[in-house]
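Just below is one structure, and these are the notes that go with it.
The values are calculated or read from the model by the stated rules, or taken from the named source; none is laboratory data. What you see is a predicted model, and the numbers here were worked out from it, not measured in a lab. Quick reminder, even Gly has a Cβ in these numbers, built from the backbone with ideal geometry, and neighbours come from all protein chains shown. Note: areas computed on protein heavy atoms with side chains; ligands, DNA, RNA excluded. Shrake-Rupley method; radii C 1.70, N 1.55, O 1.52, S 1.80 Å.
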Amino acid sequence: MNENQTTPAIEAISVTKRFGPIVANENVSFRVEKGQIHALLGENGAGKSTLVNILFGLYHADQGEIYIAGEKVEMNSPHDAIDRHIGMVHQHFQLVPVLSVTENIVLGHEPTKKRGILDLEKAYAEVEALGKRYGLEVDPRAIVEDLPIGTQQRVEILRSLYRKADVLILDEPTAVLTPQETDHLLEVLRGLAAEGVAIIFITHKLREVMAVADHVTVMRRGKVVGAIDPSETDQAGLAEMMVGRSVVLRIAKGEAKAGAPVLTIDSLSALDDRAQTAVDGLCLTVHAGEIFGIAGVEGNGQRELVEAITGLRKTISGSIMLEDTELAGSSPREISEQGVAHVPEDREKHGLVGPHSVADNLVLNRYFKAPFARRGIRQTGAINAEAQKLVDQYDVRTASINSPVRTLSGGNKQKVIAARELSQNAKLLVAAQPTRGIDVGSIEFVHQQLVDQRDDGIAVLLVSAELDEIMSLSDRIGVIYQGRLVAIGKAEDFTRNQIGQLMASGSTDA
Amino acid sequence: MSTITTTLYQRRWLIFTVVAIIGFTLFTGEFKEAQTTAILASTLRQSTPLLLGALCGMLGERSGVINIGIEGQMLMSAFTGFMVAAETQNLLLGVLAGIATGMLMGASLAGLSVSLQGDQIIAGTVLNIAALGVTSFFFQQGYTLPGKTPMIDLWFLSDIPVLGRVFFSNRPITYLSLLLVPTVWYALFRTTWGLRTRAVGEHPSAAETVGISVAKMRYLNLILGGAIAGLAGAYLSLEAVGSFERNMTNGKGFVALAVMIFGRWNPVGAWGAALLFGYTNAIQTQFQFRGWFTDHPQFVGMIPFVVTIIVLAGVVGRARPPAAIGQPYSRE
């Protein structure tokens with residue numbers, strides 16, 4: 001055989017994987033060259049994760065063959081994959097929060113003095129050197145849980161590099177990152193590719209694919225539907241391949257018909273969990289029938305602001321008026337009953353009760369009221385009828401309304417929350433990171449809902465780390481920096497660059 | 001504040017407790033060497049099975065398995081240790097039999113909770129009930145030992161007033177348990193095994209993705225822990241009492257769990273906690289000896305529990321157990 005640069009770093013040939021009756025991967029073939037950044041694009045449930053889990057030895061393919069550097073391999077565990085220099089950065093980080101950066105990186109391949117005695121000093125030095133070499137500097141002695149998400153991801157990447165990965169798989173690596181962190185990550189990936197590492201980059205963000213990928217494989221419903229060079233297509237073309245129909249990437253929306261002020265925040269201050277000032281004398285007004293977008297690097301008080309409005313966090317000073325009612329000091333239920341709908345940032349933690357049924361989650365904000373409860377007794381019939389109605393209306397894909405809500409995909413979970421929050425007559429909708437981690441089809445749906453709510457005369461406060469989302473949906477934009485809005489204006493008055501600068505430094509003077 | 005004063009402030013409860021204990025000991029002993037020595041020696045005796053039980057629980061919990069069956073492991077080991085020693089008239093064989101029994105019980109706990117993925121609390125309860133039933137059923141009076149494990153004086157060290165008699169004039173399992181404190185600490189925090197154990201107990205799927213077998217680590221730790229619980233059992237029947245009695249553990253396995261939590265899953269902390277529990281038991285005897293509160297003996301009996309509540313409320317603060325504790329792990 002003629003072996004030269006054309007031997008792919010990793011190749012899967014006709015891989016099929018079934019989970020019971022569901023075919024997760026059907027006859028999938030896929031190859032990545034050395035030094036290539038290969039994007040694996042597809043909606044949630046398209047089979048991307050299944051494919052890479054097979055490549056990483058977490059699943060075993062029912063049929064098909066895997067070749068690594070031209071050699072046919074059988075992999076039965078991640079250990080086998082690691083031995084063959086395959087590294088994976090998981091979507092949910094596989095780091096032990098209470099251990100140090102170094103301990104996490106060397107875990108499983110620890111440097112030792114003799115017979116099982118750890119050589120931590122050597123490990124610290126190795127990690128430090130590795131970080132320097134790849135531009136991924138991290139304090140090797142820091143405890144992982146104290147680090148921001150973006151830094152934790154560096155630790156994950158470093159862990160793979162420590163094991164001398166030739167193939168690096170990244171599962172939705174940008175889902176949790178701010179725009180700046182994303183840019184940095186893409187830069188690091190380019191650097192790694194230049195050193196000859198083959199990179200498999202799972203995503204459903206088209207912009208990133210266009211920005212960084214050398215090649216794209218698109219999957220839909222367990223099959224490869226196309227492999228293409230990004231220079232030969234555009235975002236709309238990729239989206240169509242991915243979803244199987246043409247997708248509206250930018251929601252068409254008419255001129256906003258802004259009415260009276262609904263939410264008026266005056267000199268609001270609030271503390272974060274470590275008792276530091278997070279919201280610092282912030283003022284803003286959201287009118288009926290407009291979408292007010294808050295742009296900002298995460299950690300500039302967005303979370304605390306949303307929590308203060310929805311009653312989940314105490315305020316120190318200032319007022320939050322919903323029309324003529326003061327919300328500050330009220331309980332979350334009182335605020336909800338006043339007509340504030342809330343799509344929380346962390347769906348799993350604050351939006352849903354995972355083990356409970358879809359139906360129960362759909363009435364979570366009014367299960368205690370008639371007709372869902374009478375004299376403290378839950379009325380299952382009324383609950384189920386309402387749930388079925390909402391599931392149909394919002395097109396929630398679930399096996400049944402009695403399935404535990406945690407079994408749903410991210411997009412469908414978000415639909416459950418939207419259905420619940422929007423079905424009670426809200427005056428104000430507070431949506432925090434509403435499209436984080438969900439697929440293009442669901443993003444389109446959520447965006448359409450936000451615009452529809454606006455057109456129905458509801459005031460919408462949108463908080464998002466996705467600058468594109470803020471730019472395309474908002475009628476007015478406020479940029480938050482260190483707990484204050486440093487700029488407020490009409491969306492068309494800002495350029496992407498200006499907002500980026502304001503987010504990073506609080507002013508446009510460079 | 002300087003670092004020294006900050007450290008002092010952070011440890012204020014610990015310092016307060018230690019000062020109170022020393023002060024009270026001197027007060028009850030009124031500086032009489034014999035009595036002070038007696039209290040402290042009794043403290044160490046009472047703390048030994050608690051310390052060993054806590055170390056057993058710690059190995060399990062650090063790897064993510066709650067071991068509520070320490071009581072059963074200790075009781076069963078006390079029984080087999082005693083029976084083997086009585087049959088063979090060899091104490092060393094008895095101790096080894098106790099250790100082997102503990103390991104076997106640890107392996108069965110691992111089988112129930114790791115391989116069969118059963119509920120860990122129920123698996124531990126099974127061990128406790130089985131041990132009580134089996135030992136009560138098979139135990140017969142009439143066996144006698146060739147004596148207790150021998151007293152060993154450590155050279156001149158045992159001649160040091162008070163502390164020498166307390167620490168350097170003991171029996172072998174007591175010495176061994178004192179040696180286990182730094183050993184287990186070193187193993188947990190300075191070895192590959194320890195790092196992997198802690199990773200498995202905090203985030204098993206993370207450990208699995210770097211190629212560590214969660215099941216293997218948990219089996220290993222539960223069996224090692226079982227050996228330590230077996231030693232505790234042998235201590236009770238062969239070193240402390242010199243015979244077997246029905247239910248002779250009498251809840252020590254559960255107190256050991258409290259000791260482990262109080263010591264924050266750390267061997268050194270657990271030793272301190274075990275000594276405190278041992279001490280509260282020791283001063284009860286001293287009260288009776290002095291004839292204090294003889295009209296109301298129930299109040300004296302309450303001392304260990306009252307002290308436990310006060311100390312747990314004040315000293316422990318926020319203790320954080322290993323995160324994956326109690327959850328069976330399976331690769332999806």
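A few remarks follow.
- Residue A:391 contributes an accessible area of around 10 Å² to the protein surface, as traced by a 1.4 Å probe with all chains present.
- Other protein chain C-beta atoms within 10 Å of residue C-beta, averaged over A:97-109: 4.
- Averaging the Cα positions of each part gives two centres, and for the range A:471-508 and the range A:46-63 these lie 42 Å apart.
- Full-extension gain in nm, residue A:19 to residue A:255, via 0.36 nm per residue minus C-alpha separation: 80.2 nm
- Kirkwood-based shape ratio for the range A:10-243, expressed as Rg/Rh from alpha carbons: 0.98
- Pairs from the table (A:349/A:369; A:122/A:164; A:34/B:216; A:205/A:413; A:427/A:490) lying more than 27 angstrom apart at Cα are A:34/B:216.
- Carbon/sulfur fraction of accessible area - the range A:76-215, other protein chains in place, 1.4 Å, %: 49 percent
- Accessible surface, 1.4 Å probe, highest first, among residues A:113, A:314, A:415: A:314, A:113, A:415
- Solvent-accessible area of residue B:185 with every protein chain in place, 1.4 Å probe, in Å² to the nearest 10: 80 Å²
- Accessible surface, 1.4 Å probe, highest first, among residues A:367, B:235, A:67: A:367, A:67, B:235
- Taking amide hydrogens as placed 1.01 Å from N in the peptide plane, the amide H of residue B:171 sits under 5 Å from those of B:152, each at least 5 positions away in sequence or on another chain.
- Cut-off under 5 Å, modelled amide H: who pairs with residue A:484 long-range: A:280
- A dipole drawn for the range A:353-424 from +1 and -1 charges on Cβ atoms has a positive end, and of A:377, A:393, A:417 the residue lying farthest that way is A:377.
- As a length-normalised measure over Cα pairs under 8 Å and 6 or more apart, the relative contact order of chain B settles at 33 percent.
- Gaussian network model of chain B, Cα within-10 Å springs - most flexible of B:194, B:98, B:278: B:194
- Threshold 10 Å² - residues in the range B:191-206 whose accessible area is reduced by that much or more when the chain is no longer isolated, probe 1.4 Å: B:191, B:192, B:195, B:196, B:198, B:199, B:202, B:203, B:205, B:206
- About the centre of its Cα atoms, chain A shows a dipole size close to 1360 debye [charges on the beta carbon of Lys, Arg (+1) and Asp, Glu (-1) only; nearest 20 debye].
- Kirkwood-based Rg to Rh ratio, the range A:148-307, C-alpha trace: 1.07
- Once all protein chains are placed together, residue B:176 keeps about 80 Å² accessible to a 1.4 angstrom probe.
- In order along the range A:202-219, the phi-based Karplus estimate (6.51 cos²θ - 1.76 cosθ + 1.60, θ = phi - 60°) of 3J(HN,Hα) comes to 8, 6, 10, 9, 5, 4, 5, 4, 4, 6, 10, 7, 8, 8, 10, 10, 9, 10 Hz; Gly and Pro are listed as x.
- Under-5 Å amide H pairs with residue A:353, H placed in peptide plane, nonlocal only: none
- Only helices enter the 222 nm calculation for chain A: every DSSP H run of n ≥ 4 contributes -39,500 (n - 2.57), and dividing by all residues gives -9500 deg cm²/dmol, rounded to 500.
- Selection from B:89, B:128, B:209, by position along the positive dipole direction of the range B:48-263 (Cβ): B:209
- Theoretical ellipticity at 222 nm over chain B - DSSP helices of four or more residues, -39500 (n - 2.57) apiece, nearest 500: -22500 deg cm²/dmol
- The charge dipole of chain B, taken about its Cα centre with unit charges on the Cβ atoms of Lys, Arg (+1), Asp and Glu (-1) only, comes to about 620 debye.
- Nitroxide proxy distance, nm - points 7 Å out along Cα→Cβ at residue A:72 and residue B:152: 6.1 nm
- Using C-alpha pairs under 8 Å with a sequence gap of at least 6, the mean separation divided by the residue count of chain A gives a relative contact order of 15 percent.
- Note on exposure: B:218, A:207, A:154 ranked by accessible area (1.4 Å probe, complete protein assembly) read A:207, A:154, B:218, with the most exposed listed first.
- Estimated distance in nm for a label pair at residue A:146 and residue A:91, the labels positioned 7 Å out from Cα along Cα-to-Cβ: 3.1 nm
- The Cα center of the range B:55-110 and the Cα center of the range A:117-192 differ in position by 44 Å.
- Taking all pairs of distinct alpha-carbon atoms in the protein assembly as shown, Kirkwood radius in angstrom: 31.0 Å
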